[in-house]
Amino acid sequence: MQDPTTLTMLAEAPLSPAERRRSLIAVIACISVVGMGLGVSIPLLALLMERQGVPASIIGLNTAMPALATFLLTPFIPALLRRVPAITFLLVCILVSAIAMPAYYFFPNVWLWFPIRFANGLALTGLFVVSEFWVNTLADEKNRGRLIGIYGTVLSCGFASGPVLLFLVGTQGLLPFATIGSLILLAGVPLILFGRGLAPRVTERPSKSFVSFLVVAPAATLAGLVYGATETNIFNLLPVYGVRTGMTEQTAAFVLSIFAAGNIFCQIPIGIWADRADRRMVLLVCALVGLLGASAIPLVAHNLWLFAPTLFIFGGVVVGLYTVGLTLLGQRFRGADLASANAAFVLMYSTGALIGPPMAGIGMDLWDPHGLIVVMAGLCGLYLAVAGWRYFTAPR
């Protein structure tokens with residue numbers, strides 16, 4: 001493998017430890033604020049469309065706009081990073097996303113929200129792909145899993161705090177949109193204060209086509225797909241599952257926070273474990289525990305005291321697929337190849353988020369309500385087979 005410094009230059013020379021810390025603080029602080037803004041905007045838009053009497057089918061199509069944006073943008077991000085510095089790219093994405101927020105208020109027609117949400121989806125895709133590439137580039141093999149775990153934990157905390165902020169600012173008038181837009185603009189502050197001259201640069205072309213990165217590291221990229229489908233299924237359909245198994249609506253909504261808590265508390269420990277063990281084996285264990293955890297949910301769904309810890313463990317372990325999948329990409333690729341692999345990973349996550357809910361919805365229609373669990377367990381089982389095949393057949 002080529003020396004990473006010949007592929008990705010950080011400013012004009014390798015960073016000192018202090019510069020590396022500043023650079024990491026800049027990008028992780030940036031993405032945490034973006035996560036908070038995203039955590040407010042998703043439920044806000046859904047509530048407003050429901051209040052306007054928008055049909056559920058139209059709400060679903062509108063919600064799919066960011067995924068469509070991801071499909072169209074991700075193949076071009078590595079080429080854009082060769083032409084535009086990473087920090088400039090992120091600041092443009094922040095500006096576009098911040099402007100999109102008040103645009104929803106000033107153009108309240110749901111059909112105009114389609115292009116607005118698409119533009120916002122382009123910006124968010126750029127933010128996530130480049131920030132993950134940034135962290136992966138700065139990490140070394142001794143701490144890569146831990147750093148990506150910290151990144152994911154901070155992002156999850158920001159996202160989880162969004163509904164709390166929405167409760168404080170409400171859903172009426174300009175205030176929530178102005179608040180979200182201002183929050184997203186603030187994400188640029190740490191980049192400007194701490195990140196100038198310290199962002200990774202891409203100076204060469206990838207060694208292979210973008211599509212090839214979807215299949216050249218299947219254990220890593222498919223981990224993104226499985227987690228994207230699982231996370232989206234949980235946040236969209238678990239409350240429905242809870243009500244249909246006898247929970248009150250309040251309890252069914254509350255259990256989402258248990259899944260989120262698993263996400264928050266388990267990413268760093270799993271990342272540290274991935275730094276000390278064979279990362280492909282860690283993916284295998286995460287998939288196996290995810291399969292067993294999902295399979296156990298119907299057995300404990302009627303007892304909250306058993307359901308809560310089961311869901312916590314399930315949420316904590318399946319997010320390990322995302323954390324360790326990204327870590328594995330950073331271990332294998334450098335420079336433009338890493339930028340392309342990260343973009344492919346985000347594309348696979350969005351694919352999972354797009355196909356997961358329809359699959360789970362059909363499953364629930366066929367076996368109400370446990371079809372949701374069958375779909376999630378099936379995804380973990382299929383991934384376990386792929387990851388196991390790669391573990392035992394791919395060269396070490």
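At a glance:
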item: Helix-only CD estimate at 222 nm, as mean residue ellipticity for the chain, using -39500 (n - 2.57) per DSSP H run (n ≥ 4); result: -28000 deg cm²/dmol
item: Cβ-Cβ FRET estimate between Leu72 and Asn303, R0 fixed at 51 Å, reported to 0.05; result: 0.65
item: Potential extension, Leu382-Phe167 segment - 0.36 nm per residue separation minus Cα distance; result: 73.5 nm
item: Span-like helix ranges in the chain, DSSP H, alpha carbon extent 15 angstrom or more, Kyte mean at least 1.6; result: 86-106, 175-186, 279-300
item: Cβ-derived FRET efficiency at R0 35 Å, Asn109 paired with Arg83, nearest 0.05; result: 0.50
item: Leu175 paired with Arg332, simple spin-label distance in nm, labels 7 Å along Cα-to-beta-carbon; result: 4.9 nm
item: Two-site FRET efficiency, Thr203 against Leu95, from Cβ-Cβ distance with R₀ of 30 Å, rounded to 0.05; result: 0.75
item: Residue order, fewest to most beta carbons within 10 Å, for Thr125, Thr393; result: Thr393, Thr125
item: Rel. contact order, % - alpha carbon contacts under 8 angstrom, at least six apart, the range 54-179; result: 31 percent
item: Most positive-pole-ward Cα, Gly316, Leu328, Asn236, against dipole of the chain from beta carbon charges; result: Leu328
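Here, each number is a calculation from the coordinates, and none is a lab measurement. The structure displayed is predicted, hence computed values, not measured ones. With ideal geometry, Cβ positions are generated from the backbone for all residues, glycine too; neighbour counts draw on all protein chains shown.
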